[in-house]
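**Student:** Here's a structure for you.
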Amino acid sequence: MTTAIKICGITSVADAELAVACGVEAIGLNFWPRSARHVDVGTARAIVAAVGARTLVVGVFVDASLDAVRAAIADTSIGCVQLHGDEPPELLAALLPHAYKALRVRGANIADEARRFGGNYLLLDAYSRAAPGGTGATFDWALASGLARERKVTLAGGLHAGNVADAIRQVRPYCVDVASGVEGSDPRVKDAAKVRAFVDAVRSVA
């Protein structure tokens, strides 16, 4: 099965259109106010209106309340929710089936942590004290391999065109997620050449 691709941290209609033109299955919009890639409701609404019929638009939240997440869904028509903070299993359960938990991998206990959360989908990212995600840090992919046989795992954390093929061969994830790996000096702008190279690298894996 072909590995799906999600380009996260999209902040403009132009970059959303770039991602769709490159054939990705999903894009991510970051609603966490402290993120360098944060989008407001108006921008999110414009992006969904432009590309939502052609790709899955995922809203990324960090420790937001259930009411706040539901309000964002209603205001923007995002298609799915990614919970990337310290949210409890009960919050995820209230948003299923169009939601999944992102977990930051610290060690071999990640499988036990993952099993606390429902749903078919799961995102695994590198742990960093600097930020919940988008840091460009990687983790030991061997810790994700077992979970990828149990759940539809999205692999994130430090992926780029130079390492994503190896990551896919080792983990065999359902999806790969990239933000900093397809950016230049400005985290709010995607680099078109890097996006194309990333997509080509993913599609090169049999």
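**Student:** Name the residues in segment 87-102 that are loosely packed, with under 13 Cβ neighbours inside 10 Å and within 20 Å of ILE10 (Cβ to Cβ), would you?
**Tutor:** none
**Student:** Take the residues in segment 2-33 that are in contact (Cβ under 8 Å) with a residue 60 or more places away in the chain, part of a loop (DSSP other than H, G, I, E, B) and of a type outside the set (Val, Ile, Thr); name whichever of them is nearest to ARG149 (Cα to Cα).
**Tutor:** GLU25
**Student:** Next question. Can ARG188 be described as surrounded by fewer than 21 Cβ atoms within 10 Å (Cβ to Cβ) and touching a residue at least 40 places away in the same chain (Cβ under 8 Å)?
**Tutor:** The answer is yes for ARG188.
**Student:** Could you list, in sequence order, all residues of segment 82-117 that are among the small types (Gly, Ala, Ser) and over 23 Å from LYS6 (Cα atoms)?
**Tutor:** Of everything in segment 82-117, those that are among the small types (Gly, Ala, Ser) and over 23 Å from LYS6 (Cα atoms) turn out to be ALA94, GLY107, ALA108.
**Student:** In segment 40-86, how many are in contact (Cβ under 8 Å) with a residue 24 or more places away in the chain and either among the β-branched types (Val, Ile, Thr) or buried (at least 22 other Cβ atoms within 10 Å of the Cβ) (or both)?
**Tutor:** 19
**Student:** I want to confirm something. Restricting to segment 156-188 and keeping residues that are in a loop (DSSP other than H, G, I, E, B) and of a type in the set (S, T, N, Q), which single residue is nearest to the chain's Cα centre (by Cα)?
**Tutor:** Only one residue tops the list, namely ASN163.
**Student:** Are there any pairs with C-beta distances below 6 angstrom linking a residue in segment 105-130 that is modelled with pLDDT of 95 or more to a residue that is in a loop (DSSP other than H, G, I, E, B) and of a type in the set (Lys, Arg), with the two at least 6 apart or on different chains, and if so which?
**Tutor:** Going by the 6 Å Cβ cut-off, the qualifying pairs are LEU122/ARG151.
**Student:** Let me ask something else about it. Please go through segment 87-97 and give me each residue that is part of a loop (DSSP other than H, G, I, E, B) and touching a residue at least 24 places away in the same chain (Cβ under 8 Å), ordered by number.
**Tutor:** GLU87 - this is the single residue of segment 87-97 that is part of a loop (DSSP other than H, G, I, E, B) and touching a residue at least 24 places away in the same chain (Cβ under 8 Å).
The values are calculated or read from the model by the stated rules, or taken from the named source; none is laboratory data. The structure displayed is predicted, hence computed values, not measured ones. A quick note on method: Cβ atoms are made from the backbone with ideal geometry, for glycine too, and the neighbour counts reach across all protein chains shown.
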